[in-house]
Amino acid sequence: MKQPSRGQPKFILDGMLGSLTRWLRLLGFDTLFCETQFDDEILDQTEHRILLTRDKTLLVRAQKLGLTAINPGSGPIQKMLQLLQNTLGICFLGDPNQSRCPQCNSPLILVTQEEIQDRVPKKSLDHHHRFWQCINLQCRKVYWQGRHWTRIQQTLDNLRFPDEEQ
Ligand SMILES: [Zn+2]
């Protein structure tokens with residue numbers, strides 16, 4: 001199993017940013033999702049993580065505490081990822097071997113078809129050869145590169161070459 005590369009930022013997101021949370025996990029970033037309405041609970045967990053929130057009060061409080069806090073903006077996910085890429089100087093790559101489980105943030109491991117054949121629709125088993133499973137025993141969700149992944153890849157391709165003519 002691959003570990004996230006050293007120096008890779010970790011994130012914490014407030015309850016308004018569920019979709020961005022799933023994306024960041026899929027892109028391999030250790031990402032906490034904090035649904036609490038109490039800002040203190042979020043700030044307590046923000047050390048060593050980058051806080052993403054649209055809540056202006058929370059942003060200001062975090063910055064006063066010397067924490068890194070960014071407003072990812074709104075709109076399509078591509079716009080938010082672009083902003084993070086530009087602000088943090090990181091590059092989002094779609095490497096499924098680095099992905100974390102979008103549901104629970106645990107790492108995924110490559111598994112054989114035999115290991116997951118009773119948990120995946122037969123059609124997907126016939127059409128795909130690589131499957132990943134969440135290592136969290138309470139979750140154990142299985143993933144493969146279906147049509148959803150093509151859309152993810154398109155979004156990432158647009159990100160990487162924002163100024164190039166397609
Ligand atoms: Zn999971």
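The values are calculated or read from the model by the stated rules, or taken from the named source; none is laboratory data. Since we're looking at a predicted model, the values are computed, not measured. Note that we place each Cβ from the backbone using ideal geometry, even for glycine, and neighbour counts take in every protein chain shown. Side chains included, ligands, DNA and RNA excluded: accessible areas come from the protein's heavy atoms. Shrake-Rupley method; radii C 1.70, N 1.55, O 1.52, S 1.80 Å.
Structure values in brief
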| item | result |
| --- | --- |
| At least 15 Å along the helix axis (C-alpha) and Kyte average at least -1.0, DSSP helices within the chain | 77-88 |
| Shape parameters for the chain, alpha-carbon atoms, Rg then Dmax in Å | 17.1, 54 |
| Estimated vicinal HN-Hα couplings, Hz - the stretch 39-54 in sequence order (Karplus 6.51, -1.76, 1.60; Gly, Pro = x) | 4, 4, 5, 5, 4, 4, 9, 8, 4, 6, 10, 9, 8, 10, 7, 9 |
| Longest exposed-site-free window of the chain, the sites being GluC sites (Glu not before Pro) in a DSSP loop that have at most 16 other C-beta atoms within 10 Å | 48-163 |
| Three-way shape call for the stretch 5-72 based on the alpha-carbon gyration tensor, with the a/c threshold at 1.5 | oblate |
| DSSP loop trypsin sites (Lys or Arg not before Pro) with at most 16 other Cβ within 10 Å excluded, longest remaining stretch of the chain | 55-118 |
| Gain on full stretching of the segment that runs from W149 to L88 - 0.36 nm per residue minus C-alpha separation | 19.5 nm |
| Portion, in percent, of the accessible area of the stretch 11-88 that falls on carbon or sulfur, probe 1.4 Å | 50 |
| GNM top mover of D55, D126, D40 - the chain, alpha-carbon springs below 10 Å | D126 |
